[in-house]
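The values are calculated or read from the model by the stated rules, or taken from the named source; none is laboratory data. The structure displayed is predicted, hence computed values, not measured ones. Counting neighbours? That spans all protein chains shown, and the Cβs are built from the backbone with ideal geometry, glycine included. All accessible areas refer to the heavy atoms of the entire protein, side chains included, with ligands and DNA or RNA removed. Shrake-Rupley method; radii C 1.70, N 1.55, O 1.52, S 1.80 Å.
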Amino acid sequence: RAGDYDALYELLSSDTQRRIPRARFVSSLVRARGFYALDRLQLSTVRTGERLAVADVTVYGRSFWPPIGAAKVIARPYFVRENNSWRLALAPPTNLSAADRRLARRFPVREPLVYVQRAGSWAKLGSIGALSRSLGLWPTQ
């Protein structure tokens, strides 16, 4: 909410930081802020292994452009234990224990979905990746 995306980048796993350069991460979130305002974050089920955790997350907010009002994003991010802290990961690392590999297989990565509020109920708008690319929020290269 505060817009300190450099600090947020530090919460990414080292593997995710290698995949996404800081400048790309920060600029994408700055652009997204012009389209969406975060209201609240809801964690539901959290499943943990030895070095891997999976959480069901719903992010509630408001869309400014397109001006559709209330919106939510449903995601299932992975978290990886690094240096005694949990870090957000785009994918599980390759060097997992057998228990963590089972957890990753049981709860695979899936692309976050965007929903908008229409007539008092939530209607699925599409995947966040497809919407971000169509709005120019996330570079395709």
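Details
- Accessible solvent surface per residue of the range 1-119, calculated while the other protein chains remain in place, 1.4 angstrom probe, Å²: 60
- (i) 72, 31, 18; (ii) 45, 34, 27; (iii) 62, 46, 26, with the label sought being that of the calculated Cα extents along the principal axes in Å: (ii)
- The range 19-93 shape via C-alpha gyration tensor axes, a/c threshold 1.5: oblate
- In percent, rounded to a whole number, the relative contact order of the range 68-141 is 29, using alpha-carbon pairs under 8 Å and six or more apart.
- When the chain is treated as a Gaussian network with alpha carbon springs shorter than 10 Å, the biggest mean-square fluctuation among PRO21, PRO92, PRO112 belongs to PRO21.
- Loop trypsin sites (Lys or Arg not before Pro), the range 1-35 (other Cβ atoms within 10 Å of the site Cβ: 16 or fewer; DSSP): ARG1
- Most mobile of THR94, THR45, THR58 in a GNM of the chain (Cα contacts under 10 Å): THR94
- Atom-type composition of the exposed protein surface of the chain places 56 percent of the accessible area on carbon and sulfur (1.4 angstrom probe).
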